[in-house]
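Report on the structure given below.
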Amino acid sequence: LLNTQNGSVANANPGMSGTYTVTVTDANGCVSTANTLVTINALPTPLANNTGPYCDGGTMDLSSAGGVDYDWAGPGSFSLLNTQNGSITNANPGMSGAYTVTVTDANGCVSSATTNVVINPNPAFTASSNSPFCAGTQLNLTAQTIAGVTYNWVGPNGFSAVNQQNPSIVNPTTSATGTYTVMATSATGSTGTTTVNVLVNPVPTSLLTGNNLTGCAPMCVDFTDQSLGNGGAITSWNWNVEGQSPSTNQNETYCFNNPGTY
C-alpha cells in the first residue's frame, strides 16, 4: 500500500493475519519503520435447526450452536434474545417461516444461520348423523370429506370405527344415544376432532285388546289400543283389518261379516 498514511482493506480474512510494516520518510528524506501485529479471527460457524414439521398447537423447538451468545429472530416480530435453544408452546401455522439465529463467538465475531419452520394446520371439518331416529333402524354417522385424511370414531357402549369416514350401526337400541367423537388425521400427522350428538328414541310397545272375540257372523268387535309410548307420546294409529284400513283412530269398532280367524 504505497504513498498512503492510513489504509483500509475490505473483506479481511484470517489468512491476512500477521505483521504489517510501515516505512516512514520525513521531509529531510530520513527513513524509519514501525511494525504492528494484525490478528483476523475466523467468523463463527453457526448452526440453526428445528425438530419440525409441527402440528397446530404443538411445541416448536429451536436449537443452535457455534458460539457463546445467541439471538433469534423470526416471523411476526418473533425475538428470543440471549438464548441458544428455545421452545415455543402452542405454535400455530401463522408462525411458520424462516428463523434466523445470530451467533457471537468468544472473540466477538458475529455470524448467522437460518432454519425453516413448518407448522401444519389441523384438519377443520364437520360431522353429522341421521339422528334423531327410532330404535331398530340404522344409525348413520358422516364426516366431511377432506383429501388425504383418515377418520377414527368412538362413542357410547365402547363403539369404535377405525379408518372409517362414514360408519353405521345396524339396529341400535336406545343405549346408542350419546356423543360420538370423530378424529381426522392428515398425512402430516395433524389432527382435528369434532362431535356429533345422537338421540335414539324408543319404539312403542304395541298392545291390542278386544271384546267379543268369538261369535257368529256377522260379529262386531270393539278394539282398544293400550300400547305404551315408552317415554314418548303416541301420536298416530293406522288400523289394518281384513286387508282394509278402516280407521286412524286410537280405538276402533269393526264388524266381521265372513266367518274365519283374523
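The values are calculated or read from the model by the stated rules, or taken from the named source; none is laboratory data. These numbers come from a predicted model, not from an experiment. Cβ placement follows ideal geometry from the backbone for every residue including glycine, while neighbour counts extend to all protein chains displayed. Just so you know, the surface numbers come from the protein's heavy atoms only, side chains and all, with ligands and any DNA or RNA stripped out. Shrake-Rupley method; radii C 1.70, N 1.55, O 1.52, S 1.80 Å.
Measuring nothing but protein heavy atoms, the accessible surface of the chain at 1.4 Å probe radius is 50 percent carbon and sulfur.
With only the Cα atoms considered, segment 30-78 has a convex hull volume of 140 Å³ per residue. With no solvent and one equal point scatterer per Cα, compute the Debye intensity ratio I(q)/I(0) for segment 78-153 at 0.17, 0.21, 0.25, 0.26 Å⁻¹ and report its log10, rounded to two decimals. Those come out to -0.85, -1.04, -1.22, -1.26, one per q. Mean projection of the Cα convex hull over all viewing directions, computed for segment 93-205: 9.9 nm². Between G178, G66, G229, find the one with the highest GNM mean-square fluctuation for the chain; connect C-alpha pairs within less than 10 Å. Answer for the Gaussian network model of the chain: G229.
Largest first, the residues W239, W72 sort by 1.4 Å accessible area into W239, W72. Surface listing: L199, L80, L213 arranged by accessible area from highest to lowest gives L213, L199, L80, probe 1.4 Å. The dipole here belongs to the chain: it is taken about the Cα centre, uses +1 on the Cβ of Lys and Arg and -1 on the Cβ of Asp and Glu, and is about 200 debye. Under the simplified labelling scheme, the Y20-L199 pair shows an inter-label distance of 8.8 nm, with each label point 7 Å from Cα along Cα→Cβ.
For segment 221-230, putting each phi into the Karplus relation 6.51 cos²θ - 1.76 cosθ + 1.60 with θ = phi - 60° gives couplings of 10, 8, 8, 10, 8, 10, 5, 9, x, 6 Hz, in residue order, rounded to whole numbers and with x for Gly and Pro.
In plain terms, the bigger the Kirkwood radius, the slower the diffusion; for segment 196-262, with that radius from Cα pairs, at 4 °C and 1.567 mPa s, Stokes-Einstein puts D at 93 µm²/s.
The per residue volume of the convex hull around the alpha-carbon atoms of segment 148-215 is 99 Å³.
Annotation: per residue accessible area for the chain equals 61 Å², rounded to a whole number [probe 1.4 Å, protein chains only].
Derived scalar couplings between HN and Hα for segment 247-254 equal 6, 10, 6, 5, 10, 9, 10, 9 Hz in order, rounded to whole Hz, by the Karplus curve 6.51 cos²θ - 1.76 cosθ + 1.60 (θ = phi - 60°), x for Gly and Pro. Charge tally for Y254 (other residues, Cβ to Cβ under 15 Å; Lys, Arg +1; Asp, Glu -1): -4. Using θ = phi - 60° in the Karplus curve 6.51 cos²θ - 1.76 cosθ + 1.60, the 3J(HN,Hα) couplings for segment 114-130 round to 10, 10, 9, 9, 10, 10, 7, x, 6, x, 10, 8, 10, 9, 8, 8, 8 Hz; x is entered for Gly and Pro.
Pair-distance distribution P(r) for segment 1-108, from all Cα-Cα distances in 10 Å bins starting at 0: 12, 29, 18, 14, 13, 9, 4, 1 percent. Across all Cα pairs in segment 67-113, the calculated P(r) in 5 Å bins from zero up to the longest distance comes to 5, 21, 29, 22, 12, 7, 3, 1 percent per bin.
Could you give the semi-axes, largest first, of the ellipsoid that matches segment 1-62, computed as the square roots of 5 times the alpha carbon gyration tensor eigenvalues and rounded to whole Å? Please list the in-between numbers first.
Details: eigenvalues 561, 24, 10 Å².
For segment 1-62, the ellipsoid semi-axes come out as 53, 11, 7 Å.
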